[in-house]
Amino acid sequence: MDKNRLSTRETEIARAYADGQSYKGIADALGLAPSTVRTHLSAIYKKLEISSKLELFKVLDGVPTLSQQETDQAAIISELALNLEESLSREKALAEVLGIISRSEGRIDEVIEALLGYALELCDAEFGLLLTYNRDAGFAARFMKGIPQAFQDWWEARGSYKPSPQTAIGRLEDSLDVVNIPDVRAEPVFRNNDPLRHATASLGGARSFTAIPMLAGKRLIGAFTIYRQQLRPFDERTVQLARCFADQSAIAIENARLVSALRSKNN
């Protein structure tokens with residue numbers, strides 16, 4: 001299939017993706033949203049009538065590939081191919097995270113840094129927080145990734161914070177369940193100038209985010225939150241992926257606590 005059917009922008013994206021770059025890496029380099037990169041890739045697969053990254057690489061290098069007989073069939077196959085490649089990326093990332101946890105020996109910073117990085121990339125999110133929880137003191141932003149400086153300063157100035165029950169974190173604390181916010185500015189808690197929601201929207205520039213409880217058994221130990229700065233709600237598949245990262249974060253934190261306790265006992 002002729003690669004000249006692609007536009008200049010599509011060619012840039014196709015080459016970067018074939019060379020192994022992620023959606024987020026391509027998006028950052030070209031000033032796009034990761035979801036826009038995926039839309040372009042879907043169009044590229046359909047135009048070239050291909051069904052894998054390997055075929056894309058071959059087409060860009062001028063190697064002939066087998067074309068599909070029907071346009072509709074090509075469209076279905078290209079969508080399935082992208083979904084499969086995304087699933088393989090998630091599986092690979094989670095396997096790498098498990099490896100990091102197993103080798104960490106209680107070094108929690110290394111683990112959480114990796115977890116937040118993978119979560120932002122695979123969930124097409126701009127920034128994320130890992131909040132630790134204390135029943136009396138509330139939530140503290142222990143780990144941050146990609147967060148705007150003004151929002152980071154807001155959390156650091158407070159140390160620990162007890163949110164109102166109307167906020168996402170407050171609802172999570174009460175329900176011990178995922179809270180998915182399609183639009184942070186659409187809820188009454190924003191219009192009522194709640195401090196946390198105002199900081200999230202105005203200082204963080206967030207529009208959509210999801211908050212996932214981190215549990216040790218039935219005990220809340222924190223929350224894992226990821227944010228998009230565009231009005232682009234997280235779908236159920238992405239929420240489940242974020243939940244997986246939250247679960248791994250909880251395991252890492254509990255492992256670090258046990259390792260620390262064991263070291264203290266042996267000293």
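Can you confirm whether the range 173-192 contains a residue that is within 13 Å of GLY222 (Cα to Cα), hydrophobic (A, V, I, L, M, F, W, C) and loosely packed, with under 15 Cβ neighbours inside 10 Å?
Yes, the conditions are met somewhere in the range 173-192.
Taking the range 244-265, which residues are modelled with pLDDT under 65, out of contact with any Gly (no Cβ under 8 Å at 6 or more places or on another chain) and of a type in the set (S, T, N, Q)?
Result: SER264, single match.
Step by step: first the residues of the range 193-205, then only those that are more than 12 Å from ALA168 (Cα to Cα) and over 23 Å from the mean Cα position of the chain (by Cα), then the one that is surrounded by the most Cβ atoms within 10 Å (Cβ to Cβ). Which residue is that?
Per the stated criteria, the residue is PRO195.
Could you list all residues from the range 5-62 that are of a type in the set (Val, Ile, Thr) and in a helix (DSSP H, G or I)? Walk me through how you get there before you give the answer.
Step one: list which residues in the range 5-62 are of a type in the set (Val, Ile, Thr), which gives 8, 11, 13, 26, 36-37, 39, 44, 50, 59.
Those that are of a type in the set (Val, Ile, Thr) and in a helix (DSSP H, G or I): THR8, THR11, ILE13, ILE26, THR36, VAL37, THR39, ILE44, VAL59.
Can you find a residue that is out of contact with any Gly (no Cβ under 8 Å at 6 or more places or on another chain), modelled with pLDDT of 65 or more and either assigned by TED's automatic domain parsing to the domain that holds LYS46 or part of a loop (DSSP other than H, G, I, E, B) (or both) anywhere in the range 76-98?
Checking the range 76-98: not a single residue is out of contact with any Gly (no Cβ under 8 Å at 6 or more places or on another chain), modelled with pLDDT of 65 or more and either assigned by TED's automatic domain parsing to the domain that holds LYS46 or part of a loop (DSSP other than H, G, I, E, B) (or both).
Please tell me if GLU49 is surrounded by 14 or more Cβ atoms within 10 Å (Cβ to Cβ), more than 23 Å from CYS123 (Cβ to Cβ) and without any contact (Cβ under 8 Å) to a residue 24 or more places away in the chain. Break it down into steps so the answer makes sense when it comes.
On the way: surrounded by 14 or more Cβ atoms within 10 Å (Cβ to Cβ): yes; more than 23 Å from CYS123 (Cβ to Cβ): yes; without any contact (Cβ under 8 Å) to a residue 24 or more places away in the chain: no.
No; evaluated as a whole, the condition is false for this residue.
The values are calculated or read from the model by the stated rules, or taken from the named source; none is laboratory data. Please read all numbers here as calculations on a predicted model, not as lab measurements. Here Cβ is always computed from backbone atoms with ideal geometry, including for glycine, and neighbour counts include all displayed protein chains.
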